[in-house]
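The values are calculated or read from the model by the stated rules, or taken from the named source; none is laboratory data. Every value quoted in this text rests on a predicted model; they were computed, and no experiment measured them. Please note: Cβ atoms are built from the backbone with ideal geometry, for glycine as well, and neighbour counts cover all protein chains shown. The accessibility values were calculated without ligands, DNA or RNA, using every heavy atom of the protein model including side chains. Shrake-Rupley method; radii C 1.70, N 1.55, O 1.52, S 1.80 Å.
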Amino acid sequence: MKALTTLAALTAAALVPAMAQESSEEEITYAVAPLETDDSNSALGGAEFSAGAGYASSHNYRGVDYGQHAGEFDVKMKMPVSDFGVLTVGGRYIGTNESFNEGQAFTSLQLPLGPAAAFLGYRYFGNDGLEDFPLDTDSRHEIGTMLGSRFFSVDFSVAYFYDTGYEGHYTELRGSKAWALGQNVHVKASAAASYGFDYQFDGSGFNHFQASLEFPIDLNESVELSPFVTAVLPGSDLTTEDDTVVGGMNLKVSF
């Protein structure tokens, strides 16, 4: 039950804002996987390009562990659509030391709704090596929608996705908050709970619970380094999975 202890520690850390200076930034971030539309307001003034690379002790996606020592690379472009929204397009590659490889292509559209924002998204998954895992599927597609807003300086979102490969439905509730530790260093705490309907296995139930701490460091105006630690607790729908703790680091370069 190591992940349970870590989850409690992460939650306690998130409740001690007195240890950090409140961030003065007011833009809504909406850091919701898998659409990856965080910091989307930065694109409103023009197109933004970014590339990222990362390492994680394991690749845990929605409560399922796909292998140890995971590396990933992604590219993304955000551009305004008239004055009414932000379009994001990009791709992502993930590989582990257990012969699991996955390529993704994704697009999403953000639409402002007053103090909230709605997202419509699509993602393609192309997998290699899934025959060694209980969720063996061919290439599949996912469509989804998300609604997010900010309450008491905390970002909240609720999301729904349908996966054509699993022929199942995935829902997620997430909250996150960030504080400034210094001029170029922040801490971000987040937690999520998800529920599946025939998503990865037959039947319905809680998919997983998750809590994370991330420490974004602005190396300069264009480069950000983010160490992180995440505790994952499988729900009743993932009885074959174990509690786990994932640590790693991401590097992002924006243009």
Given the residues TYR166, TYR162, TYR93, which is the only one that is of a type in the set (Ser, Thr, Tyr) and closer than 25 Å to SER226 by Cα? TYR93
Among the numbered conditions (1) of a type in the set (Phe, Trp, Tyr); (2) within 19 Å of the chain's Cα centre (by Cα); (3) more than 18 Å from TYR160 (Cα to Cα), tell me where PHE100 comes up short. (2)
When residues of the stretch 177-202 are limited to those that are small (Gly, Ala, Ser) and in contact with a Ser or Thr (Cβ under 9 Å, 6 or more places away or on another chain), the one surrounded by the fewest Cβ atoms within 10 Å (Cβ to Cβ): ALA180
What pairs can you find where one residue is in the stretch 143-167 and aromatic (Phe, Trp, Tyr), the other is open to solvent by 30 Å² or more (accessible area, probe 1.4 Å), and their Cβ atoms are less than 6 Å apart, with a gap of 6+ or different chains? TYR160/THR145; TYR160/THR171; TYR162/ILE143; TYR162/HIS169
A careful count of residues in the stretch 177-193 that are of a type in the set (Gly, Ala, Ser), modelled with pLDDT under 95 and assigned to a strand (DSSP E or B) gives 2
Run SER108 past the list (1) crowded, with 20+ Cβ neighbours inside 10 Å; (2) touching a Gly at 6+ places or on another chain (Cβ under 6 Å); (3) at pLDDT below 85 and report the number of the one that doesn't hold. (3)
For the subset of the stretch 164-176 comprising residues that are more than 13 Å from the chain's Cα centre (by Cα) and closer than 16 Å to TYR61 by Cα, which member is most open to solvent (accessible area, probe 1.4 Å)? HIS169
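If you check ALA231 against the conditions, is it closer than 21 Å to ILE94 by Cβ, open to solvent by less than 20 Å² (accessible area, probe 1.4 Å) and assigned to a strand (DSSP E or B)?
Details: closer than 21 Å to ILE94 by Cβ: yes; open to solvent by less than 20 Å² (accessible area, probe 1.4 Å): yes; assigned to a strand (DSSP E or B): yes.
For ALA231, the condition - closer than 21 Å to ILE94 by Cβ, open to solvent by less than 20 Å² (accessible area, probe 1.4 Å) and assigned to a strand (DSSP E or B) - is met.
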Could you list, in sequence order, the residues of the stretch 67-88 that are more than 18 Å from ALA53 (Cβ to Cβ) and open to solvent by less than 50 Å² (accessible area, probe 1.4 Å)? LYS78, PRO80, GLY85, VAL86, THR88
Subset of the stretch 73-90 (residues that are more than 30 Å from ASN101 (Cα to Cα) and either within 16 Å of the chain's Cα centre (by Cα) or among the β-branched types (Val, Ile, Thr) (or both)): VAL81
